[in-house]
Amino acid sequence: MAKIQLKNVSKVYGNNKVMDDMNLEIQDGSFTVLVGPSGCGKSTTLRLIAGLEEVTSGEIWIGNHLVNEVAPGKRGISMVFQNYALYPTMTVQGNIEFGLENMKIPKAERKKMVDEIVEIVDLTEYLDKKPQNLSGGQRQRVALARAMVKKPNVFIFDEPLSNLDAKLRGQMRTELIQLHKRLGTTFIYVTHDQVEAMSMGDEIVILNKGHIMQQAAPMEVYHNPANQFVAQFIGTPAMNVISIAMLEGKLGKIIDERIFYIGFRPEHVEIQTAEETTSGIHLPCELLTIETLGSETLYLVNSDAGQFQVKSFNNPLMNTEKIHVTIPFDKLYYFDTQGNRVYVDELPFESMGKEVRGEVLI
Amino acid sequence: MKVAKWRPYLLITPAIIVFLVFFIQPIFYMIYLSFHDWNFISPDKTFVGLENFKALLSDPMFLQVIRNTLMYTFFTVLFSISIALLMSIWLNRRGWMYSFVQGAVFSPHIISLVSIAMLWMWIMDADYGLLNWILSLVGMDKVPWLTDPNTALASLIIIAVWKNIGYYTLIIIAGLQSIPKHLYEAAALDQTSSFRRFTKITFPMLSPSIFFLTIIGILDSIKVFETISIITKGGPLNSTNTLVYYIYENGFIFFKIGYASAAGVILLVILSIVTLIYFKVLGKRVHYQ
């Protein structure tokens, strides 16, 4: 079995440093998702682990082996590519068998292994077809079968679902989760889609510009983001982040000098139906747009503190122009000038109480 | 907008007329002539039925011409493609030197065949030629490249290969560059040896290019004329006489028009078969994405 470690890994292309001194540990048997915007280095990380690229400096360990000098095929890794990378001149059977033939596995045994795998991925009747005669979902399964048949210690997925339509993607997502449960091997999965990351991974690594922003379980990343980037990357819609300058004078002075931004999630904002006072920031807002999504409703509102989004699970407020919202104090996140999280023990405001200052209730 | 039914036909009429007059009519005229005895000048064309064909097939010289043509075609195509394949694999990388070599091997393709013929007549001259001078430098005997019946056809094949490889290399390099990189990455993860990487991935992916080159190579070689006409005139001892030169010789030197036309019909049949194979095989055995 294999735990994967990247120690002080850097990768430079020409003058372009895409990865700088990265340290990453992927636990054995985990379903780790690398997620981040394009160009964040997530695919590079994957290709370095697979051995398709060489590190500029640093060490990569798989299990107890330093694999810097080990050829891709000898690392015990199988990879599923974004565009499947099936061999177009071979049949489905040929594609799945190719790696086994290279390993000089006898024909009878090979046949047994292939039959077993195609049974699992439901491709038995397509064994003699060429990839170009298959649908996207079927090609995806062939790629999966080709990876599985080698019984690797680590599976690597490079945005494998991005070429499928939404419905099929959802279906494959659950199938991959089940597959992981069944095989128990390490899965490393790259995606730029935070929904995929949240729903599939038991560990999420959020990358930006070649640096790890946070590595934690999905709910931890959601509830306890380490910085403004993670806060705004995870969750739909993104967390609202407002500069304290916009709130200053209305809230009373913020005593903690480190704090520069305040963040809150759209789904935590409460829409006031009556003039009641709960503990939080009260803001009168103007409704700009409404997006009804069925189970929930998204509002874009404008207040003295600027524009932000509100997500509500109540019935949509049609024909309404002005609303009052409350942002509960215990749902506030604080960030410094660099966007790093500032952890506070008590509310960092100068004066507290249920009095009106300006138009804001505290 | 409604277009009159006859308008498209009107628009293609000029092209059709040119096609009929200059392509279709000569073919039928040739077939017509192949059944006649005619000396190009006399107003009488005597109908002789299949006599011309009978004479051709029992003429040992014609059989030798066919053999020469097939040998020339087979070896020219074989060596052109094999050498071009090796060159492409070597040249398919970045760097000014590779671009330079690629340009250099392509240059024969843009030179006219007549110039090429003149150039190689000098290179292969038995007494003053470049090749024999080089051989003498390394202490080897002179080779009578173009003047010995045993080496003349091989010499012509060398010239044809020299002219072909530039273009062939270009086509194969284009083929190599269109192979997606991720296939090689998948192969690397599948522990593929470099030999199997070539035989199982590169070569099958190149099959459209190689098939295309084989067909145009065969068609070009069967129709070889310029180099033979200028360098050897079919000699020595008919060792380099090929089908098209034979047709020319009979028609325009010996004025046996009927006989030449019959040979022309045989050439037409051979070329049609090759073309037919091209269209039949296309999309079946060859992989296209």
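The values are calculated or read from the model by the stated rules, or taken from the named source; none is laboratory data. Owing to the predicted nature of the structure, the values given are computational and were not obtained by experimental measurement. When we count neighbours, we look across all protein chains shown, and the Cβ atoms used for this are built from the backbone with ideal geometry, even at glycine.
Can you tell me how many residues within the stretch A:45-83 are at negative phi, part of a strand (DSSP E or B) and touching a residue at least 12 places away in the same chain (Cβ under 8 Å)? Talk me through it step by step, then tell me what you get.
Of the stretch A:45-83, the ones at negative phi are A:45-50, A:52-57, A:59-62, A:64-75, A:77-83.
Checking the rest, the ones that are also part of a strand (DSSP E or B) come to A:57, A:59-62, A:65-66, A:77-80.
Going one step further and asking which of them are touching a residue at least 12 places away in the same chain (Cβ under 8 Å), we end up with A:57, A:59-62, A:77-80.
Qualifying residue count, the stretch A:45-83: 9.
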### Query
Residues that are modelled with pLDDT of 90 or more and away from chain A (no Cβ under 14 Å): which helices (runs of 4 or more DSSP H) entirely in the stretch B:149-266 hold 2 or more of them?
B:152-177, B:203-222, B:243-248
### Task
Examine the stretch B:227-237 for a residue that is of a type in the set (Gly, Ala, Ser) and surrounded by fewer than 16 Cβ atoms within 10 Å (Cβ to Cβ), and state whether such a residue exists.
yes
#### Entry: Search result, residues across the stretch A:67-77 that are at the interface with chain B (Cβ under 10 Å from one of its Cβ atoms) and out of contact with any Leu (no Cβ under 7 Å at 6 or more places or on another chain)
A:ALA71, A:LYS74, A:ARG75
### Task
Count, please, the residues in the stretch A:111-159 that happen to be surrounded by fewer than 19 Cβ atoms within 10 Å (Cβ to Cβ) and either on the phi > 0 side of the Ramachandran plot or assigned to a helix (DSSP H, G or I) (or both).
16
### Query
How many residues, within the stretch A:1-10, are surrounded by 15 or more Cβ atoms within 10 Å (Cβ to Cβ) and either within 19 Å of A:MET200 (Cα to Cα) or in contact (Cβ under 8 Å) with a residue 60 or more places away in the chain (or both)?
3
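Every residue, every condition in (1) facing chain B (nearest Cβ under 10 Å); (2) touching a Leu at 6+ places or on another chain (Cβ under 7 Å), yes or no:
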site	(1), (2)
A:GLN82	yes, no
A:TYR87	yes, yes
A:LYS107	no, no
A:GLY137	no, yes
A:LEU144	no, no
A:ALA147	yes, no
A:ASP165	no, no
A:GLN171	no, no
### Message
For the stretch A:184-242, which positions are under 23 Å from A:ASP330 (Cβ atoms) and of a type in the set (Phe, Trp, Tyr)?
### Response
A:TYR222, A:PHE229, A:PHE233
### Message
Whether any residue in the stretch A:138-146 is modelled with pLDDT of 90 or more and either under 18 Å from A:PRO72 (Cβ atoms) or among the acidic types (Asp, Glu) (or both) is what I want to check.
### Response
yes
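Would you confirm, using the coordinates I've provided, whether A:ILE62 is under 19 Å from A:LYS150 (Cα atoms), under 20 Å from the mean Cα position of the chain (by Cα) and more than 10 Å from every other protein chain (Cβ to nearest Cβ)?
Numbers: under 19 Å from A:LYS150 (Cα atoms): yes; under 20 Å from the mean Cα position of the chain (by Cα): no; more than 10 Å from every other protein chain (Cβ to nearest Cβ): yes.
Spelling it out, it is not the case that A:ILE62 is under 19 Å from A:LYS150 (Cα atoms), under 20 Å from the mean Cα position of the chain (by Cα) and more than 10 Å from every other protein chain (Cβ to nearest Cβ).
Inspect the stretch A:179-200 for any residue being assigned to a helix (DSSP H, G or I) and closer than 24 Å to B:LEU183 by Cβ and give the result as yes or no. If you could, list the steps in order and put the result at the bottom.
Residues of the stretch A:179-200 that are assigned to a helix (DSSP H, G or I), as a first pass: A:179-183, A:194-200.
Still in the list and also closer than 24 Å to B:LEU183 by Cβ: none.
No: zero hits.
Taking the options A:GLU53, A:GLU97, A:GLU101, name whichever one is of a type in the set (Asp, Glu), more than 9 Å from every other protein chain (Cβ to nearest Cβ), surrounded by 16 or more Cβ atoms within 10 Å (Cβ to Cβ) and over 22 Å from A:GLY41 (Cβ atoms).
Numbers: A:GLU53 fails: over 22 Å from A:GLY41 (Cβ atoms); A:GLU101 fails: more than 9 Å from every other protein chain (Cβ to nearest Cβ).
A:GLU97 is the lone residue from the list that is of a type in the set (Asp, Glu), more than 9 Å from every other protein chain (Cβ to nearest Cβ), surrounded by 16 or more Cβ atoms within 10 Å (Cβ to Cβ) and over 22 Å from A:GLY41 (Cβ atoms).
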